[in-house]
Amino acid sequence: MEMEMAVMDGVDFSKLPEGCISNVLSLTSPPEVCRFAMVSHVFFSAAASDTVWERFIPSDIDEILLRAVDHIECSSKRELYFRLCNPILINDGKMSFFLEKSSGKKCYMLSAKLLSITWADTSHYWRWISVDNTRFEEVAELLDVCWLEIRGSLDTRQLSQLTKYAAYLVFNLTEASRGLDHPSQETSVKLGAHVSSHITRLMTPLETEYSAYGYDWMENELSDHSDNDDYEDLVAQVIELQSTTEVVSREDGWMEIELGEFDTECGDDGEVEMNFMEIKGGHWKRGLIVQGIEIRPRK
């Protein structure tokens, strides 16, 4: 079976020089390299070479590692690649960096400390706390505000070129949270002339499921009571719910909401600006815990 997998179109690739195989594998992708490693002992050895994995590691990795909080030492490029698939802290612990495992594309999370949060330095409105299961020493907890505005930015030269990215607010909600499910919040991501925006409500996935029942009820109301005095209000609520971006649970125990997307070109596109806000209604809200904004390739 091993020999059959190494022979394609009558060519026995296992007889090629290992360096040649490594060069060919470097033109594929990390998942494909791992699959080819199972073809034969020769492919396994070639797939582990630095020639292959250096191709998947960003060219500026040495500069990034100089900014790491903890020293990163690996015996091979392959080991370094998979180490970097798990987040490392950089920039005095206020930012994290990691590689997308399937592509080697660069990803970052800006901690709450790097974000511009309106009134974050006023203890009556926000406080800085330490919690379990977070990448950073401190996160921001919303105590009580009627003007919720969170902004972040990143120089696109730090990102991978020719890649579609999305930005995500990474957060949690306390048991005492209120005012975050209504009115809805507005999000946007701006890069040059391109603007991507969404409407969202910060609810847990379970609350979102319950909200869906209310959405079904409103649709029934619209079909059965078109002459209802509240008809226009119901129409507006249904339209808003239809366009609302859903909260997603993460494997690390946090939640995230997409703020928007953007494309990088040659790395000189300027700064991407990311915004999350609810500032129109004068409604008081509390119980939001902000870990940061994560920028990673869009699936």
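The values are calculated or read from the model by the stated rules, or taken from the named source; none is laboratory data. Please read all numbers here as calculations on a predicted model, not as lab measurements. Quick reminder, even Gly has a Cβ in these numbers, built from the backbone with ideal geometry, and neighbours come from all protein chains shown. Quick note on the areas: whole protein, heavy atoms, side chains included, nothing else; ligands and nucleic acids left out. Shrake-Rupley method; radii C 1.70, N 1.55, O 1.52, S 1.80 Å.
Tell me, what are the semi-axes, in whole angstrom and largest first, of the equivalent ellipsoid of the range 63-188 as set by the roots of 5 times the Cα gyration tensor eigenvalues?
31, 17, 13
Between His41 and Ile279, what length comes free when the chain is fully extended (0.36 nm per residue of separation minus the Cα-Cα distance, one decimal in nm)?
Result: 79.5 nm gained on full extension.
Run the numbers for Glu18 and Ile129: contour at 0.36 nm per residue of separation, minus the present Cα-Cα distance, in nm.
34.7 nm
Quick check for you: with a 1.4 Å probe and neighbouring chains kept, what is the accessible area per residue of the range 71-217, in Å²?
50 Å²
List residues of the range 271-299, by number, whose backbone nitrogen lies under 11 Å from a label position 7 Å along Cα→C-beta of Ser116.
Inside the label zone: 273-275.
Work out Dmax and Rg for the range 94-137 from the C-alpha atoms and quote the Rg first, both in angstrom.
14.0, 44
State which entries of Lys113/Lys280; Lys105/Lys285; Lys113/Lys285; Lys101/Lys280 exceed 29 angstrom in Cα-Cα distance in the structure shown.
From Lys113/Lys280; Lys105/Lys285; Lys113/Lys285; Lys101/Lys280, over 29 Å: Lys105/Lys285; Lys101/Lys280.
One quarter of the convex hull surface, Cα atoms only: what value does that give for the range 54-97 in nm²?
Over every viewing direction, the Cα hull of the range 54-97 projects on average to 2.8 nm².
What relative contact order, as a whole-number percentage, does the range 155-206 give when Cα pairs under 8 Å and 6 or more residues apart are counted?
29 percent
Dipole size in debye (nearest 20) for the range 102-207 around its Cα centre, Lys and Arg Cβ +1, Asp and Glu Cβ -1?
640 debye
From Cα pairs below 8 angstrom and at least 6 apart in sequence, can you work out the relative contact order of the range 41-123, rounded to a whole percent?
On the way: 93 pairs, mean separation 18.2, N = 83.
Relative contact order of the range 41-123: 22 percent.
Between Glu63 and Thr51, how many nm apart are label points set 7 Å from Cα along the C-beta direction?
So the label points at Glu63 and Thr51 sit 2.8 nm apart.
Per the 1.4 Å probe, what fraction of the accessible area of the range 59-195, in percent, lies on carbon and sulfur atoms?
Ligands and nucleic acids excluded, carbon and sulfur give 46 percent.
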